[in-house]
1. Say R0 is 56 Å: what FRET efficiency, to the nearest 0.05, do residue 46 and residue 425 get from their beta-carbon distance?
2. Using a cut-off of under 18 Å, list every residue of region 388-431 whose amide N is near the label point 7 Å from the Cα of residue 196 along the Cα-to-beta-carbon line.
3. With each label point set 7 Å from Cα along the Cα-Cβ vector, what nm distance links residue 56 and residue 360?
4. Report the full-extension gain for the segment residue 344 to residue 232: residue separation times 0.36 nm, less the Cα-Cα distance, to one decimal in nm.
5. Rounded, prolate or oblate: which fits region 316-373, taking a ≥ b ≥ c as square roots of the Cα gyration tensor eigenvalues, rounded meaning a/c under 1.5, else prolate when a/b beats b/c?
6. Is region 32-119 rounded, prolate or oblate when judged by the Cα gyration tensor, a ≥ b ≥ c being the square roots of its eigenvalues, rounded requiring a/c under 1.5 and prolate requiring a/b larger than b/c?
7. How many nm is it between the label spots at residue 65 and residue 145, if each spot is 7 Å from the Cα in line with the beta carbon?
8. Just check region 2-309 against the gyration tensor rule for me: Cα atoms, a ≥ b ≥ c as the square roots of the eigenvalues, rounded for a/c under 1.5, and otherwise prolate or oblate depending on whether a/b exceeds b/c.
């Protein structure tokens, strides 16, 4: 679930000299009737209203109470699950849903067929008034530009052909003060335009970068695991490590406020605030009811509005088809109380729900067998996981070294460690083991068709005897 938290410095702007814990803050909680579901996005229209994206449509917020938005008679959004919102300068409200894109202007609702079946992850308006939308669906991504038509309304979408296929789902968009468009996908970050494109792989963030902020000099700032990083000139460098209490946390969002301060959301450590050369933290010890921050937004009055996860006491059950031991451990480490397979019988699922409600934990037998199988295995380091992802993507050692800004000898050493720890025969075998165990994601794999038989053989055992398998 979600809730709003507003940090207020003064009537017009925040005082950059204050630590975040010194600001006054007000919270509106779902449990108090604020909203019925989690909040995925936020924007503010010229009339001052805040608009909230929720699982059950849009809400309009006047600072006191929320009211649901209703589409024009006879029309509906592509999906009730609204993911992202953008208030454009021409008065249009852009509505990104879990199943497509729409815009609402002058009482008229318009859908964009180019996005049918895609979940909209990010919306941004550039300096010439064009709308850019980033989206994804299973094993595919989309980046499109929508400019005004001859009638003053938005025209058709022009989509970039380079953004498609596995790992290319767009997770975030940002235009900086110099007019550069930055695009984050599951695999990395692009400086897309103008001029020659620049690419920065982000192997340590498999879910994609979700937060950008302007950098005082050339390049861009991103929120990454444990730090704010600077991308420029083909290199990625840490500029502000998170405080010790947040060092192990993934970043979720990044915002530079009108006074130059940086606000970063995290998965489980609250809000990181960078100002006047120092970094501080606002978390549950300062009054937050949850340290999970999903969105950060600055309104027209200079208030910082954070959307945070609510109900930290909620007990999470993972229902999946994956049994990889690393995936199981990752789920349990971030707070899941049970890890079950979708093949579970209804009766067993009900028993598990009751057990979790009573405070117990549960893991399916198949997943527990995987855990037992690899209980004494030495884990890959984060640096080795980054190399394994790039191996799965088809990169040679020289290419991996260039993307990670390390020497080729360092890469060779990490590859040797990976093969040893995974008990792999070769690089391809290691990639498939990594996917099966949940160490890396399936979309990491880029394998030529001619190698598919070899991959299946090395990953899953001996190839069936001639005549006992289907023709490809």
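Throughout, read-outs are computed from the coordinates displayed, never taken from laboratory work. Because the structure is predicted, anything quoted here is derived from the model rather than measured. Here the Cβ positions follow ideal geometry from the backbone for every residue, glycine too, while neighbour counts run over all protein chains shown.
1. After rounding to 0.05, the efficiency reads 0.35.
2. Taking a point 7 Å out along Cα→Cβ of residue 196, the residues of region 388-431 whose backbone N falls under 18 Å are 402-403.
3. Result for the modelled spin labels: 3.3 nm.
4. Between residue 344 and residue 232, full extension yields an extra 35.4 nm.
5. Working: a/c = 1.90, a/b = 1.30, b/c = 1.47.
Note, shape of region 316-373 comes out oblate.
6. Values: a/c = 1.72, a/b = 1.27, b/c = 1.35.
Here region 32-119 falls in the oblate category.
7. In this crude spin-label approximation the distance works out to 4.5 nm.
8. Note, shape of region 2-309 comes out oblate.
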